[in-house]
Amino acid sequence: MNSVIQKSGRNASASLQDVLTHNRLWGKGASYAVCSAHPWVIDAALQQAIEDGSILHLESTSSQVNQLGGYSGHTPSQFADFVRAAARRMGLPEDQILLGGDHLGPFPWRTEASNSALNKACELARACVLAGYRKIHLDASMACADDAKVLPEQTIAQRAAVLCEAAEEVLKHLPPGSDPPLYVIGTEVPAPGGESALGAPPAVTTVESLQQTLQVFQQAFAARGLSAAWQRVIAVVVQPGVEFGDEVVFEYNRTRARFLSAGLPSSPSLVYEAHSTDYQSATALAQMVEDHFAILKVGPWLTFAFREAVFALSAIEHELLAGEKSQRPSQLREALDQAMLREPAYWRSYYNGDETQLRISRAYSYSDRCRYYWHEISVQAEIKRLIENLTARSVPLTLISQYLPLEYEAIRAEQIGNQPAAIIRYHIQLVLRRYATACGMD
């Protein structure tokens, strides 16, 4: 499948469409979308794309990156510039980068009235397209302040069409020869970043529901004169029965999803986009690709892996500096927890239990709500100190074996150097390689 991506000589948008066509015809090959604005994750994803000779399919959510900066502090144009600069530094050609907007819609402004929230979402859609985003997930599935708790499917589709119209409005301002955006639609959209409470596996989307969704969306697009844009809808978000929460991961069960897999619509020619595939086994991911879930979204698992790596390096650092008075060890874990306690809005509704359980969840939860705090200045300062402390001295391999056994083996095999930055990148890439293998990129 790698040959479809690497040797076609086409840009990232066209390469993605080649991959999706291949999957639709033969159930082989797919694309994984890295849904993260975290610099270390982006660095690892760039390296993985270079090693695989594949496109970098990178998406920012409307909460991470928006016209107000999002929690990453980036507008769409700033984020695009950051990614392209990192790609140039590492040697990945710009035409191998596919930027996308994930959950692009009213979500960041859902506490406002629907008109206000949708207007801001439209502004974000225009900003993303102007910044070079070429894949847009139109997600108007969430209720706003003046809505009923559950939105009718027609309302979701109509608002998605409004978002699409806003994106299409700015095409005339793009440089000549620019590709128009590709779109992803759907109504059975998992909550961004995983669910806050899960007691049982989510129900798999039915074929009847899928057909109804496609009909409603096509009508909504047609009502706004968006027939040309409808031809660029490449995927529909469905629920394959996978999800994760604080302490639980629901694994893909292809028996439960067999009717949906067999019910791929003949017209329009689409594939399925699967969200919340984080923490799935290698077998489950491979089966999902075979069953036409040809776009696999992954995000929290990658920052979860980053956290694993820096926590392990912090333990090594404390071993090395124990008893030393000339050099202070970093206080990374303490700084991170203090930041989360100062501003609990990003995690409070996701975690339950007594203070001990909350403390454990803040650090180790599958939901990985600590990813919202890595950009805090106090946390960044401790990460910098951690890396400087470990770079300034030789770290015994025996300590790496104790805390990071997979990286120990990679260092022994001379696959990576014994440096903290290389270790962090490798640990994130362990997750990315699982996706690359499932998608046929290795």
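Nothing in this text is a laboratory measurement; each read-out follows from the coordinates by a stated rule. No experiment lies behind these values; they were computed from the predicted model shown. Neighbour counts are summed over all protein chains in view; Cβ atoms, including those assigned to glycine, are modelled from backbone coordinates with ideal geometry.
Computed quantities for the displayed model
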quantity: Rel. contact order, % - alpha carbon contacts under 8 angstrom, at least six apart, the range 304-433; calculated: 34
quantity: Contour excess over end-to-end distance, with Cα ends at ARG10 and ALA315 and 0.36 nm allotted per residue; calculated: 105.2 nm
quantity: The range 306-347 shape via C-alpha gyration tensor axes, a/c threshold 1.5; calculated: oblate
quantity: Coil-residue chymotrypsin sites (Phe, Trp or Tyr not before Pro) of the range 179-258, DSSP, other Cβ within 10 Å capped at 14; calculated: none
quantity: Close Lys-Lys pairs in the chain, where close means Cα under 27 Å and separation is 8 or more or interchain; calculated: 13
quantity: Computed lengthening from LEU174 to THR437, 0.36 nm per intervening residue step minus Cα-Cα distance; calculated: 91.2 nm
quantity: FRET efficiency for SER281 and THR206, using Cβ-Cβ distance with R0 set to 22 Å, rounded to 0.05; calculated: 0.30
quantity: Those GluC sites (Glu not before Pro) in the range 183-261 that DSSP places in a loop and that have at most 16 other beta carbons within 10 Å; calculated: GLU247, GLU251
quantity: Efficiency of FRET between GLU409 and ALA223 - r from beta-carbon atoms, R0 45 angstrom, step 0.05; calculated: 0.20
quantity: Relative contact order (%) - criterion: Cα under 8 Å, at least six apart; region: the chain; calculated: 17
quantity: Under Karplus coefficients 6.51, -1.76 and 1.60, residue-wise ³J(HN,Hα) of the range 430-437 in Hz, glycine/proline x; calculated: 4, 6, 4, 5, 5, 6, 4, 5
quantity: Cα centroid separation, the range 320-355 to the range 22-47 (Å); calculated: 31
quantity: Helix-only CD estimate at 222 nm, as mean residue ellipticity for the chain, using -39500 (n - 2.57) per DSSP H run (n ≥ 4); calculated: -15000 deg cm²/dmol
quantity: Cα Rg over Rh - the chain, Kirkwood; calculated: 0.96
